[in-house]
Amino acid sequence: MTAEPLITLLIVDDHPVVRDGLRGMFESAPGFRVLGEAASGPEGVVRAAELDPDVILMDLRMPGGSGVAAIRELTRRGARAKVLVLTTYDTDSDTLPAIEAGATGYLLKDAPRDELFTAVRAAAEGRTVLSPAVASRLVRAVRAPAPGNEPLSAREREVLALVARGTSNREIARELFISEATVKTHLTHLYAKLGAKDRAAAVAAAYDRGILG
């Protein structure tokens with residue numbers, strides 16, 4: 001049997017107890033390795049450059065520098081790591097800026113252990129991960145109508161439905177028997193029609209407008 005790919009992690013949280021708990025949790029599970037820790041957003045950016053992890057578990061409100069600012073800086077630098085927000089806050093003022101800054105996912109710290117493991121694996125593959133509470137907030141928050149009333153094509157709806165299930169571009173291409181480049185083209189078109197900037201916002205807008213669900 002082929003061994004499960006190892007996912008490397010960086011934990012960014014200002015509470016030492018939280019960092020210790022997360023480190024212990026992931027180091028006791030197969031398929032994960034914690035490369036390091038950081039106690040603030042700026043330190044997390046520095047450590048990410050040094051360690052090059054696959055996934056960064058990022059808290060948001062930290063005295064030494066916010067997680068949102070760190071996510072924005074990591075995005076600006078083109079960091080390879082995927083950022084999975086792990087926080088106790090799920091207000092609109094927290095969730096939207098984090099997603100807009102470039103976070104791949106957003107979970108609350110009360111998420112079950114197995115859900116967190118699954119979310120990290122999904123984030124490592126580039127798939128969007130949102131807790132139900134956060135997804136609901138995004139649905140309510142994304143209210144801007146699309147520029148114009150141009151409807152989505154049947155193929156764009158198929159792509160959007162798969163995106164909503166957390167399917168990667170490669171998996172979408174395989175399921176619909178099209179190229180990844182074509183998937184990206186469909187995404188660009190439906191982003192424009194939904195007035196969205198990314199996958200999470202597109203899904204939220206589609207639920208809000210009744211296109212999904």
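The values are calculated or read from the model by the stated rules, or taken from the named source; none is laboratory data. Because the structure is a prediction, the values reported are computed rather than measured. Glycine gets a Cβ as well: all are built from the backbone with ideal geometry, and neighbour counts include every protein chain shown.
Listed values, structure above:
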{"read-out": "Matching residues in the stretch 83-96 - criterion: being within 19 Å of Ala164 (Cα to Cα) and either out of contact with any strand residue (DSSP E or B) (no Cβ under 7 Å at 6 or more places or on another chain) or without any contact (Cβ under 8 Å) to a residue 12 or more places away in the chain (or both)", "value": "Leu96"}
{"read-out": "Selected residue (only one of Lys197, Lys184 is under 20 Å from the mean Cα position of the chain (by Cα), touching a residue at least 12 places away in the same chain (Cβ under 8 Å) and assigned to a loop (DSSP other than H, G, I, E, B))", "value": "Lys197"}
{"read-out": "Counted residues, the stretch 103-128 - those being of a type outside the set (Val, Ile, Thr) and part of a helix (DSSP H, G or I)", "value": "10"}
{"read-out": "Those residues of the stretch 119-158 which are modelled with pLDDT of 85 or more and of a type in the set (D, E, K, R), in sequence order", "value": "Arg121, Glu125, Arg127, Arg155, Glu156, Arg157, Glu158"}
{"read-out": "Hey, Ile99 in contact (Cβ under 8 Å) with a residue 40 or more places away in the chain and within 22 Å of Val163 (Cβ to Cβ) or not", "value": "yes"}
{"read-out": "Cross-chain or 6+ apart pairs with Cβ under 9 Å, the stretch 42-57 first and in the same structural domain as Ala98 (by TED's automatic domain parsing), then among the aromatic types (Phe, Trp, Tyr) and part of a helix (DSSP H, G or I)", "value": "Leu57/Phe26"}
{"read-out": "Search result, residues across the stretch 31-65 that are in contact with a Ser or Thr (Cβ under 9 Å, 6 or more places away or on another chain) and of a type in the set (A, V, I, L, M, F, W, C)", "value": "Phe32, Val34, Leu35, Leu51, Val55, Met58, Leu60, Met62"}
{"read-out": "So Leu60, is it assigned by TED's automatic domain parsing to the domain that holds Val34, over 19 Å from Leu6 (Cβ atoms) and touching a strand residue (DSSP E or B) at 6+ places or on another chain (Cβ under 6 Å)", "value": "yes"}
{"read-out": "Some residue of the stretch 68-82 being in contact (Cβ under 8 Å) with a residue 40 or more places away in the chain, surrounded by fewer than 18 Cβ atoms within 10 Å (Cβ to Cβ) and on the phi > 0 side of the Ramachandran plot", "value": "no"}
{"read-out": "Gly36 vs. criteria of a type outside the set (Ser, Thr, Tyr) and touching a Lys or Arg at 6+ places or on another chain (Cβ under 6 Å)", "value": "yes"}
